[in-house]
Amino acid sequence: MQEFKEAAPNVLFQMLLRGANAVGYTSYPDNVVKEFIRLSAKNGVDVFRIFDSLNSLDNMRLSIEAVRECNKVAEPSLCYTGDILDPERDKYNLKYFVDMAKELERAGANIIAIKDMAGLLKPRAAYELISAMKDAVSVPIHLHSHEGSGNTIYTYARAIDAGVDIVDVAMSAMSNGTAQPSAASLYYALEGHPRQPKLNVNALNEMSHYWETVRPYYKAADKTENFPNPEVYVHEMPGGQYTNLKQQAAALGLLDRWEDIKDMYHRVSMMFGDVIKVTPSSKVVGDMTLYMVQNEITEEDVYANGDTMDFPKSVIEFFEGRIGTPYGGFPKRLQKIVLKGKQPISQRPGAVLPPVDFEEVRKKLDEMNAPTTDEAVSSYCLYPDVFKQWVTRCEEYGDVSVLDTPTFFFGMTIGEEIEVEIEKGKVVIIKLVHISEPNENGKRTVSFEFNGMPRELEIFDKNVKTEKVTRKKADKSNPGEVGATLSGSVVKLLVEKGQSVTKGTPLLVTEAMKMETTIAAPISGIIGQIHVQAGSRIESGDCLLEIDSKN
């Protein structure tokens, strides 16, 4: 942000802020959220688009006030879900959104955003919604939507007719799919309209040409579909999650069941009470979806046998109220099944979390030989594990961000020569000469030139001589054989051989594509054989450990 602001001092920079969740997937103590906002404002953010995944004003109010205290623009947002035109989906109707807009204005909003994260807002609904909100509040209205359905340009046009003040668009080369509509396309679509944007479309096209050359560098992660997907009106998956969940499904070996996953996603959403789906609530729905599809669990199974199921950690925390309480409350029966006797929190999540001692964190960072700036402390508070990994990576490899993008992602080809500016005015020239075959230890010799001088390094190739560990599968007819619910890895063992456990005792924590699950004892007994350890790779159904029944 510092570099952005220096390069473009007269441009407003906007960021997305998840209210009590800051930029994470969980709730943080109030002082962590306020400090992050202070530092973001200090380093160049001008407009804070604040939202809550459940549209909870309580979870947004602290952030709104903190932004206003920094003399920056507070833009609280309403997450659009459902369909205000559908009389059978009346939970989130027109009155709901208008009433919420009035509340946001009273809370101090400078601008109110409509965050249509899944692209569900249809053209006529957009006209009615914007018209009603413009009549109800005096602050500008900002519409953000995704182009997944193929209808968003039309939706924007109708919103513009209704008086919307701002719409979000993208460079043509980065638009459509699950992104925003093309800025140039909207410009031409509004030709002759009194509200056609006053901009230089040729300059837009020229900038888009630049992004045409950049986007291919990210092809390994860019899985956006190049065609409209009107099924979004059925599964209601947010644009940002659609490609991520598809990659998660592929990693779990479920890509051939993508149609089942889309169907289950909507079923889970309705099971959870027609919940609003955006980070982090969308992750909760996605985690439960993958868990149910991989384990062949139906909605009926959950209600009949949920007391023996190990639900994903995010699902348990959701029903505990860790990210807030949904509009209309939790489905009580399902909440009871998931929590298994745990008591949910009854107040705003951030209010029950003790404040963080920033100076204690600073001392911890100093012991790690990590940066100890306010920004580093804030980063650690939000993402401690990621911060530690970054420190370790920097210690081992240095600042790899100085590499050009293709080299960073794809490495170099034999004979290729690159220039790397390791600091201002200091450039090194690196040429890759040769990579040997792996030796018996799995190491390759990499020969290269560094500013014309020959160098060699031995590098361990992690892809060489991989050994696939085959474990026995848990016998589903034997409740004492505890199986993996998803393919992934073991994070932590919580018991040891010979230990006595009762039904419900946490046994181990597993992780699959950032989804943690605590597996509990399905029966009481003595821990027998343990077939895994922390770090073990596991496949769905693998027998992790065995419990010898006391009976």
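So which of ASN229, ASN205, ASN244 is over 22 Å from PHE319 (Cα atoms), assigned to a loop (DSSP other than H, G, I, E, B) and either hydroxyl-bearing (Ser, Thr, Tyr) or open to solvent by 20 Å² or more (accessible area, probe 1.4 Å) (or both)? Exactly one residue qualifies, and that residue is ASN229.
Each residue in the range 317-336 was checked for being open to solvent by 30 Å² or more (accessible area, probe 1.4 Å) and either part of a helix (DSSP H, G or I) or free of Cβ contacts under 8 Å to residues at least 60 places away in the same chain (or both), and 4 pass.
Applying the criterion of at least 1 residues that are open to solvent by less than 50 Å² (accessible area, probe 1.4 Å), out of contact with any helix residue (DSSP H, G or I) (no Cβ under 8 Å at 6 or more places or on another chain) and over 30 Å from ASP366 (Cβ atoms) to the strands (runs of 3 or more DSSP E) found wholly in the range 380-456 leaves 426-435, 443-450. Restricting attention to the range 440-481, the residues that are in contact with a Phe, Trp or Tyr (Cβ under 6 Å, 6 or more places away or on another chain) and at pLDDT 90 or above total 1. Looking only at the range 517-551, residues that are without any contact (Cβ under 8 Å) to a residue 40 or more places away in the chain and open to solvent by less than 10 Å² (accessible area, probe 1.4 Å) come to 2 in all. Considering the range 25-60, the residues that are assigned to a loop (DSSP other than H, G, I, E, B) and touching a Pro at 6+ places or on another chain (Cβ under 8 Å) include one that is most open to solvent (accessible area, probe 1.4 Å), namely TYR25. Residue count for the range 1-24, restricted to those that are open to solvent by 40 Å² or more (accessible area, probe 1.4 Å) and assigned to a helix (DSSP H, G or I): 6. Exactly one residue among ILE153, ILE160 is in a helix (DSSP H, G or I), closer than 20 Å to LYS122 by Cβ and open to solvent by 20 Å² or more (accessible area, probe 1.4 Å), and that residue is ILE153. Residues considered: GLU511, GLU496, GLU516. Of these, the only one that is of a type in the set (Asp, Glu), out of contact with any Phe, Trp or Tyr (no Cβ under 6 Å at 6 or more places or on another chain), under 25 Å from ASP385 (Cβ atoms) and outside any strand (DSSP E or B) is GLU496. Just one of (1) of a type in the set (A, V, I, L, M); (2) under 17 Å from PHE330 (Cβ atoms); (3) assigned to a helix (DSSP H, G or I) fails for LEU290. It is (2). Applying the condition of being assigned to a loop (DSSP other than H, G, I, E, B) and of a type in the set (A, V, I, L, M, F, W, C) to the range 519-541 and asking which residue is farthest from the chain's Cα centre (by Cα) yields ILE523.
The residues listed here are ASP374, ASP366; of these, the one that is more than 26 Å from the chain's Cα centre (by Cα), more than 27 Å from GLU299 (Cβ to Cβ) and among the acidic types (Asp, Glu) is ASP366.
The values are calculated or read from the model by the stated rules, or taken from the named source; none is laboratory data. Source: prediction; values computed, not measured. Cβ: placed from backbone, ideal geometry, glycine included. Neighbour counts: every protein chain shown. All accessible areas refer to the heavy atoms of the entire protein, side chains included, with ligands and DNA or RNA removed. Shrake-Rupley method; radii C 1.70, N 1.55, O 1.52, S 1.80 Å.
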